[in-house]
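Here the structure is laid out as structure tokens; the discussion comes afterwards.
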Amino acid sequence: MQENQVDVVKVNNQYNKFIILILCLFTLVGCTNQETTKKLEEKEESIETKQTEEISVEDQKRQEKAKNIEKNMIKLIDEESYLDVISYYKESFIQSPDLEIRPTDKTIELYNLAVQRYYEKMETFGTFGYEILTLDNGDLSENVKSFIYQKFSTDIEELEASIKKEKAENLERYANDKAEREAQEEARRIEEAKNRIYIGMTKEQVLDTNWGEPDDINRTITASHQSEQWVYSDYGKYLYFEDGILVTIQD
């Protein structure tokens, strides 16, 4: 009886040890997973922070550049160099290779001011004046555009009509040039076809080419068929026909 009780106690002890071992393993795995997850999260945060810093640096450079442009435009306006302001603005923002750089609100105001004052002094509306309107990227205010169209409405209408006419003439000229090129190409292909001799042609087809009539014809007639040798001295060729079909071309 005592031996059985001892065995039971041993089994219980071994079972308890096994349970404790399993719990330790789960705890160890859990800690390892938590540590790994934490490291991955820290790494992702580090990458995001670095990217944010890089973007911020680029944005900061663009903002500094936009501020410098604003200062230069103020100086040009003080000098009443309105055309230079317009050209400078176009080069800096409208035609700039860096599409991410944007003007400040103050810079847009200065641009509108320069455009209005430039057109106020303008006596005749020319092509360059029209280009300022057509190249605008949306920063030109409706008030300024309305002022320009009211002051130069007749000039603008005449210029737009002239541009439309020139565009139509250019399209017509292009279409005519294209048609002429295609006609020349077709004539060249026809001319090449007329100079081309190939096996299987009939005598009539050969005569229709630029080769024309042969210099001499040698015939051989038998009971079953007729053979002919056509001599073309200018081309240095001999054409052989069997029953009216070209079968051999000889140099």
**Message:** Within region 138-154, does at least one residue satisfy the condition of being among the acidic types (Asp, Glu) and under 30 Å from LEU113 (Cβ atoms)?
**Reply:** yes
**Request:** Collect the residues in region 91-115 that are in a helix (DSSP H, G or I), of a type in the set (Val, Ile, Thr) and either farther than 20 Å from LYS145 by Cα or at pLDDT 85 or above (or both), keeping them in residue-number order.
**Result:** THR107, ILE108, VAL115
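Let's see how each residue does on (1) acidic (Asp, Glu); (2) assigned to a loop (DSSP other than H, G, I, E, B); (3) loosely packed, with under 15 Cβ neighbours inside 10 Å:
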{"position": "GLU204", "(1), (2), (3)": "yes, no, yes"}
{"position": "LEU207", "(1), (2), (3)": "no, no, yes"}
{"position": "TRP211", "(1), (2), (3)": "no, yes, no"}
{"position": "PRO214", "(1), (2), (3)": "no, yes, no"}
{"position": "ARG219", "(1), (2), (3)": "no, no, yes"}
{"position": "GLU228", "(1), (2), (3)": "yes, no, no"}
{"position": "LEU239", "(1), (2), (3)": "no, no, no"}
{"position": "LEU246", "(1), (2), (3)": "no, no, no"}
**Asked** Can you name the residue in region 73-90 that is assigned to a helix (DSSP H, G or I) and open to solvent by 70 Å² or more (accessible area, probe 1.4 Å) and is also nearest to LYS151 (Cα to Cα) among such residues?
**Response** ASP84
**Request:** Would you be able to say whether some residue in region 149-169 is within 29 Å of ASP78 (Cα to Cα), aliphatic (A, V, I, L, M) and either in a loop (DSSP other than H, G, I, E, B) or in contact with a helix residue (DSSP H, G or I) (Cβ under 9 Å, 6 or more places away or on another chain) (or both)?
**Result:** no
**Message:** Return the residues of region 116-144 that are part of a helix (DSSP H, G or I) and small (Gly, Ala, Ser); say none if nothing qualifies.
**Reply:** GLY129
**Asked** Quick one: what pairs do we get from region 180-197, first residue under 23 Å from GLY236 (Cα atoms), second modelled with pLDDT of 85 or more and assigned to a helix (DSSP H, G or I), C-beta under 8 Å, 6+ apart or different chains?
**Response** LYS194/ASP208; ILE197/VAL206
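The values are calculated or read from the model by the stated rules, or taken from the named source; none is laboratory data. Nothing here was measured: the structure is a model prediction, and the numbers come from that model. Glycine gets a Cβ as well: all are built from the backbone with ideal geometry, and neighbour counts include every protein chain shown. Accessible surface areas use protein heavy atoms only, side chains included; no ligands, DNA or RNA. Shrake-Rupley method; radii C 1.70, N 1.55, O 1.52, S 1.80 Å.
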